[in-house]
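Okay, so here's the structure we're looking at.
The values are calculated or read from the model by the stated rules, or taken from the named source; none is laboratory data. Predicted model only: the values in this text are computed from it and were never measured. Here Cβ is always computed from backbone atoms with ideal geometry, including for glycine, and neighbour counts include all displayed protein chains.
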Amino acid sequence: MSLSTPFGSRPVLLGLECRAMGARRLLRAGLLLAAAAGAAGAAKGLAASAGETFPVRNGFRALAEGLGPGLLVAGLVALLLGSQAIASDASEGSLRATLLRPAGRGGLVAAKAAALAGAGVALALAAAVGAALVGGIGAGFGDVVVLYEGSPVGPPKQTAALMLGRAALVVALSPLPVVAAAELGLAVSAFFDHAGSAASAALFLAVPVTLVSWLAVPGSDLLFVNPPARVVDAFRSLAAASATADWRQAPLAAAALVPGTTLLAAALAAGAVLRRRDILA
Amino acid sequence: MDGPVLAAERLSKRFGPVRALDEATLEVPEGAVFGLLGPNGSGKTTLLRCALGLVRPTAGRAFLFGTEAWDADPGLRRAVGAIVEGPGLVGGLPAEANLRRHAALLGMRGAEAVAAVSAALDSDDLRRLGATPARRLSRGERQRVALAAAFLGSPRLLVLDEPTEGLDPLAIAGLRARLEAAHRGGATVVLSSHLLSEVERLATHAAVLAGGRVRAAGAVEALRGATAPRLRIRGNPAARAAEVLAAAGVPAAPSGEDGVLLAEAPPEAAPALVAALVRAGVEVSEVAPVRTGLEEIYRAALARREAA
């Protein structure tokens, strides 16, 4: 018997972890929840614009409005999925059994991080699809026009083609904070042998940070430059910018760099922790 | 390979204030069936965890196939089949999927994996477990799946921690037969168990751990030779028999069987002791040398610990 790949056992581990991730009920429920949250956010945005006398009326705005809550739910589910990635294996003993096989700890964390990244992308896309469906049905994805008391005012501010490109970029970047949340959960998970403890710890860490960010406490931008709250915040700005005329105000670099750095740092931290810890459960 | 398959060298492990292993040293020679014995909390499982790279030693070293276990190339474990503290199955997967998972981790692909898993399902009568997720199986059924996984790929080293836990008598007999076959095939077996009778049937070597220290270790025959010989004496009245033996300078203790004493004396001393007992009015109905078994070795090792 010999290793059949030039990358050792990693492709095997990746395959096993992806299958295990796909079988998780939390992921399936999370996909529905994220889509529902995206749709609800978009519907709320449409309803709000309907009551305004001077609205920007378009499905793109609904999509942007829906992405906020959709990504928040997706991020929360991803955080919980991440927090279970190692701890639930440890609590049922399969982590120990896996590491008794020719599977390196680093390879195992890499496989789990990759599977979580896939789950994060799926969750973010579910949120975007939910928001886009409601936005498309409710207002269509035509040119962005400014309405006054229900009638167009002046020429279109943005063409549909331009907005579509921006919306595609938002949707393409939107998985980053969700994946970052998943990898943060993974880093937390690496410390625990019990799934419940890991989930509690992940929530305990994430909720105060998110609240502080929401409350816009002065200086919180500086204090919380890395956590998911900052990521969601950055994306909220990005999404909002796509619905209004001025795209240049969108914090694109922060939207890509902050979650990108977060997810890489979190995945590396998870690997470092698991490499050093005793497997007791 | 030259040298021991698995070894510990002044191996210590602390969990906070608890000293689980205290400078434990032992070697498991290639081809041996090695019984790892000891009371609960004696450090058996911790020693196995260290030797398999699951736990980092606080001090000392543990070796797997001559390589320090903590830093060993994971590929080394391709030749190891192990159960350490529980079956370790993925709860949401049925037996067959769990076995396929282990086959994949061992690097088996395609037809090779299918054949190995199929053979394991058949030889262990696991097909009847069907699609039931592992978490819904009984303790014994999960243990049988885990054992089937441990035997996948005919490993050179089998490390089985309490393998009979939850098994019915027929399954225990089946496991014994498989271990005998694996041993005949050249595999090394490390067996940690509280079932001394089962270990005794198979073990060529043994070690007794207590308080994290190795109290006795070596080939079973050598350990037998190092244990004080004893005679089994059935006398009536037993209390009088004990007095007579004590007066003759022979320590004796009740065996637990009514009227039977275990006297620390070699077989050659039997005629003189019987004569003394009869002279003192004790009716002697049985005198036989006690074959030193693992239980005696175990008791003697623990007694040495108490004395220490």
Out of curiosity, is B:GLY91 in contact (Cβ under 8 Å) with a residue 24 or more places away in the chain and either more than 12 Å from every other protein chain (Cβ to nearest Cβ) or surrounded by fewer than 23 Cβ atoms within 10 Å (Cβ to Cβ) (or both)? yes
(1) at pLDDT below 95; (2) closer than 30 Å to B:GLY3 by Cβ all hold for B:LEU129 apart from (2)
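Filter the range B:69-91 down to the residues that are of a type outside the set (D, E, K, R), more than 20 Å from B:GLY166 (Cα to Cα) and not in a helix (DSSP H, G or I), then identify the one that is nearest to the chain's Cα centre (by Cα). Walk me through it before giving the result.
Kept after step one, since they are of a type outside the set (D, E, K, R), are these residues of the range B:69-91: B:69-70, B:72, B:74-76, B:79-84, B:86-91.
With the extra rule that they be more than 20 Å from B:GLY166 (Cα to Cα), the set shrinks to B:69-70, B:72, B:74-76, B:79-80.
Applying the additional criterion that residues be not in a helix (DSSP H, G or I) yields B:69-70, B:72, B:80.
On the way: B:ALA69: 21, B:TRP70: 23, B:ALA72: 25, B:VAL80: 17 Å.
Only one residue fits best here, namely B:VAL80.
Quick check, is B:ALA32 closer than 19 Å to A:ASP278 by Cα and in contact (Cβ under 8 Å) with a residue 12 or more places away in the chain?
no
Just checking, which of A:GLY30, A:GLY66, A:GLY82, A:GLY75 is in contact with a Pro (Cβ under 8 Å, 6 or more places away or on another chain) and either surrounded by fewer than 18 Cβ atoms within 10 Å (Cβ to Cβ) or of a type outside the set (Asp, Glu) (or both)? Outline the logic, then answer.
On the way: A:GLY30 fails: in contact with a Pro (Cβ under 8 Å, 6 or more places away or on another chain); A:GLY66 fails: in contact with a Pro (Cβ under 8 Å, 6 or more places away or on another chain); A:GLY82 fails: in contact with a Pro (Cβ under 8 Å, 6 or more places away or on another chain).
The unique qualifying residue is A:GLY75.
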Listed by first then second residue, the pairs whose first member lies in the range A:92-114 and is within 9 Å of chain B (Cβ to nearest Cβ), whose partner is of a type in the set (Phe, Trp, Tyr) and in a helix (DSSP H, G or I), with beta carbons under 6 Å and at least 6 positions apart or on separate chains, are none
Residue, farthest from the chain's Cα centre (by Cα), within the range B:1-58, restricted to residues that are hydroxyl-bearing (Ser, Thr, Tyr), surrounded by fewer than 24 Cβ atoms within 10 Å (Cβ to Cβ) and within 14 Å of another protein chain (Cβ to nearest Cβ): B:THR58
Would you mind finding the one in B:LEU202, B:LEU175, B:LEU158, B:LEU167 that is surrounded by 14 or more Cβ atoms within 10 Å (Cβ to Cβ), out of contact with any Pro (no Cβ under 8 Å at 6 or more places or on another chain), farther than 20 Å from B:PRO29 by Cα and not assigned by TED's automatic domain parsing to the domain that holds B:GLU286? B:LEU167
Going through the range B:270-290 in order, the residues found to be without any contact (Cβ under 8 Å) to a residue 40 or more places away in the chain, out of contact with any strand residue (DSSP E or B) (no Cβ under 7 Å at 6 or more places or on another chain) and either aliphatic (A, V, I, L, M) or not in a helix (DSSP H, G or I) (or both) are B:ALA272, B:ALA275, B:ALA276
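One line per residue, one yes/no per condition, for (1) buried (at least 20 other Cβ atoms within 10 Å of the Cβ); (2) more than 8 Å from chain A (Cβ to nearest Cβ); (3) closer than 23 Å to A:ALA90 by Cβ; (4) among the acidic types (Asp, Glu):
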{"position": "B:ALA95", "(1), (2), (3), (4)": "yes, yes, yes, no"}
{"position": "B:HIS102", "(1), (2), (3), (4)": "yes, no, yes, no"}
{"position": "B:ASP124", "(1), (2), (3), (4)": "yes, yes, no, yes"}
{"position": "B:LEU129", "(1), (2), (3), (4)": "yes, yes, no, no"}
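Of the residues A:GLY59, A:GLY38, only one is in contact with a Leu (Cβ under 8 Å, 6 or more places away or on another chain) and away from chain B (no Cβ under 14 Å); which?
On the way: A:GLY59 fails: in contact with a Leu (Cβ under 8 Å, 6 or more places away or on another chain).
Going through A:GLY59, A:GLY38 in turn, just one is in contact with a Leu (Cβ under 8 Å, 6 or more places away or on another chain) and away from chain B (no Cβ under 14 Å): A:GLY38.
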